[in-house]
Amino acid sequence: MIGSIDWEAAVNARRSVRNYEMQALEEGKLKQLQDFAESMNVPFPHDVKIRFFKANPDKKLFTVFASPPDGAAFLAGTDIISISKAGFIGELLILYATNLGIATCWYGHYKTDELEQIMPHLGEYAALTQPKWGYGKNEVEGRRAICITPLGYWRNTGVRLIDRIQETFISHKRKPVSALLEDGTDAEKLSPNLNYALDLARKAPSAANSQFWRFGVSPDNQTITIAMPVGYKHMKWEHPDVDIGICACHFWLGLLLKNIMCRVSISQDKGRVVWRFEI
């Protein structure tokens, strides 16, 4: 899983890109991504499927920026645990793509009928009335595209002002680990390895950079939980549990980079997903 990839560098380098060259991925890089998706090994059972697709060079799919020729979709069941697992697995692919010099952007508000046209994925549910954007806000039958991402090369000219503002003042400011700890945990008492893993976790992307995850750490530093606060709702983003899965992915990679093995379990508690890591 770790292999020769510099995962820490990928975490630090990853950016949400919304301006692309209309250039297809090099065949070799696309093949590397596809092979990685097929061989990916994660510490939990899941039904997440990664599908690659070819998109039209217009704004019909992503609506606010033109799509490059290549993209990927993360399909899963629409219960919140499956959604969070899609975040974890999707982030692994996105970080791997970053390592290859491929730009990406987590995107959940895609045009549903456009995605179905370029990548049929609804199967027996295609005949049902579908929401205009994504698969909707509630649990539905079947495996759906939880989020998608473009896969391409950053076009560094003609970037919208709003994206420049977000890049400079919003997207990459992160709260310190101490501000994200629950139950009065003292950051000074964390082991160096645990602090390293939590530092990677806090760098996870989130909708509007809201950083709503919270870290629970047992007194002996052997059990860590990652979850959103009970009752948390984002004003626009329908799937905060995707972001919790992304954060859990970063933390798990941090442990692996320090050669720390752990048991991972995912549960639902009070309407939210809780990731639990036992070292």
Between LYS137 and ASN56, how many nm apart are label points set 7 Å from Cα along the C-beta direction? 2.9 nm
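So how much slack lies between LYS258 and LYS233, counting 0.36 nm per residue of separation and subtracting their Cα-Cα distance, in nm?
Working: separation 25, 0.36 × 25 = 9.00 nm, distance 3.36 nm.
Contour length minus Cα-Cα distance gives 5.6 nm.
Calculate the FRET efficiency for ASN221 and ASN12 from the Cβ-Cβ distance with a Förster distance of 30 Å, rounded to the nearest 0.05. Walk me through the numbers before you get to the answer.
Details: r = 24 Å, r/R0 = 0.81.
Efficiency, rounded to the nearest 0.05: 0.80.
What FRET efficiency, computed as 1/(1 + (r/R0)^6) with R0 = 25 Å and r the Cβ-Cβ distance, is obtained for ALA187 and ASN209, rounded to the nearest 0.05?
Values: r = 21 Å, r/R0 = 0.84.
Using R0 = 25 Å, I get an efficiency of 0.75.
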Go ahead and estimate [θ] at 222 nm for the chain from helices alone: -39,500 (n - 2.57) per DSSP H run with n ≥ 4, summed, over the residue count, rounded to 500. -9000 deg cm²/dmol
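Which whole DSSP H helices in the chain pass both tests: a Cα extent of 20 Å or more along the axis and a mean Kyte-Doolittle value no lower than -1.0? All intermediate terms of the calculation are to be shown ahead of the outcome.
Values: long enough: 80-99 (29 Å, 1.25); 240-257 (26 Å, 1.36).
Those that clear 20 Å and a mean of -1.0 are 80-99, 240-257.
Using the scaling law 2.2 N^0.38 Å as the reference, what is the normalised Cα Rg of the stretch 7-151?
Working: Rg = 14.6 Å, N = 145, 2.2 N^0.38 = 14.6 Å.
Normalised Rg, Cα atoms only: 1.00.
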Could you rank the peptides 48-56, 178-186 by their average count of other C-beta atoms within 10 Å per residue, with the highest value first? 48-56, 178-186
One point scatterer per Cα, no solvent, Debye formula: log10 I(q)/I(0) for the chain at q = 0.14, 0.15 Å⁻¹ comes out as -1.01, -1.16
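Using per-residue counts of other Cβ atoms within 10 Å, averaged over each peptide, order 268-278, 34-44 from highest down. Provide the component values of the computation, followed by the final result.
Numbers: 268-278: 16.7, 34-44: 12.8.
My ranking of the peptides, most packed first, is 268-278, 34-44.
Every number in this text was worked out from the coordinates using simple rules, so none of it is lab data. Just so it is clear, the model here is predicted, and its values are computed rather than measured. Every residue, glycine among them, receives a Cβ derived from its backbone with ideal geometry; neighbour counts consider all protein chains shown.
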